[in-house]
1. Run the accessible area of the chain with a 1.4 Å probe and give the carbon-and-sulfur part as a rounded percent.
2. If R0 is 41 Å, what FRET efficiency do you get for Lys34 and Ser67 from their C-beta distance, rounded to 0.05?
3. Please get the size of the charge dipole for the chain, origin at its Cα centre, with Cβ charges of +1 on Lys and Arg and -1 on Asp and Glu, quoted in debye to the nearest 20.
4. Just to check I understand the Karplus step: with θ = phi - 60° and J = 6.51 cos²θ - 1.76 cosθ + 1.60, what whole-Hz values come out for region 85-102, glycine and proline as x?
5. Run the numbers on the chain and let me know its relative contact order in percent, using alpha-carbon pairs under 8 Å that are six or more apart.
6. Which residue, Ser39, Ser78, Ser67, has the most motion in a Gaussian network model of the chain that connects Cα atoms within less than 10 Å?
7. Please express the shape of the chain as an equivalent ellipsoid: the semi-axes are the square roots of 5 times the eigenvalues of the C-alpha gyration tensor, given largest first in whole angstrom.
8. Any idea what the alpha-carbon Rg over 2.2 N^0.38 Å comes to for region 81-124?
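The values are calculated or read from the model by the stated rules, or taken from the named source; none is laboratory data. These numbers were taken from a predicted model, which means no experiment stands behind them. Cβ: placed from backbone, ideal geometry, glycine included. Neighbour counts: every protein chain shown. What goes into the accessible areas is simple: the full protein's heavy atoms, side chains included, and nothing from ligands, DNA or RNA. Shrake-Rupley method; radii C 1.70, N 1.55, O 1.52, S 1.80 Å.
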Amino acid sequence: MNKENPTYKDVWDTLSTYNVDKHVKTIETKWSFKPKYLSWAWAWGVMMKHYPEFRYEFTQWEQGDGSMRDTMYLDDKSCMVEVTCRIGSLSRTMWLSVMNNKHEAIVNPNANDVNKARMRCLVK
């Protein structure tokens with residue numbers, strides 16, 4: 001594997017070997033749905049261990065008033081975030097809606113909701 005200029009296969013072969021089972025947490029809820037998550041901080045640590053040059057950028061969308069935001073608002077007032085991750089010349093883009101703990105889109109999300117979605121999208 002070339003650490004200076006890895007291929008997509010190199011990255012997959014390195015990261016897919018991790019057994020994440022002991023790092024997956026289950027959120028206890030009053031509903032029958034019990035969401036599971038992987039700590040973004042743990043995932044970040046794994047990435048930095050192997051690819052310290054890893055970088056990411058959240059997509060910016062122009063709003064109706066000409067300003068830019070890192071959230072894309074939809075007609076129903078819910079929104080999406082999108083991140084592009086890069087290692088060397090490789091890049092992958094992923095998107096995610098801003099959701100509540102039942103994985104339902106949030107209408108008029110606050111800053112904390114958007115921040116959680118950004119970190120979830122980064123780990124995804």
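1. Working: 4380 of 8410 Å².
Result for the chain: 52 percent of the exposed heavy-atom area is carbon or sulfur.
2. Values: r = 39 Å, r/R0 = 0.95.
So, using R0 = 41 Å, E works out to roughly 0.60.
3. 580
4. Running phi through 6.51 cos²θ - 1.76 cosθ + 1.60 with θ = phi - 60° gives 9, 10, 10, x, 8, 7, 8, 9, 10, 9, 10, 7, 7, 7, 10, 8, 6, 9 Hz.
5. Values: 173 pairs, mean separation 25.0, N = 124.
Reported relative contact order: 20 percent.
6. Maximum fluctuation in the GNM of the chain, among the listed residues, is at Ser67.
7. After scaling each eigenvalue by five and taking roots: 28, 22, 10 Å.
8. Details: Rg = 11.8 Å, N = 44, 2.2 N^0.38 = 9.3 Å.
Compared with the compact-globule rule of thumb, region 81-124 sits at 1.27.
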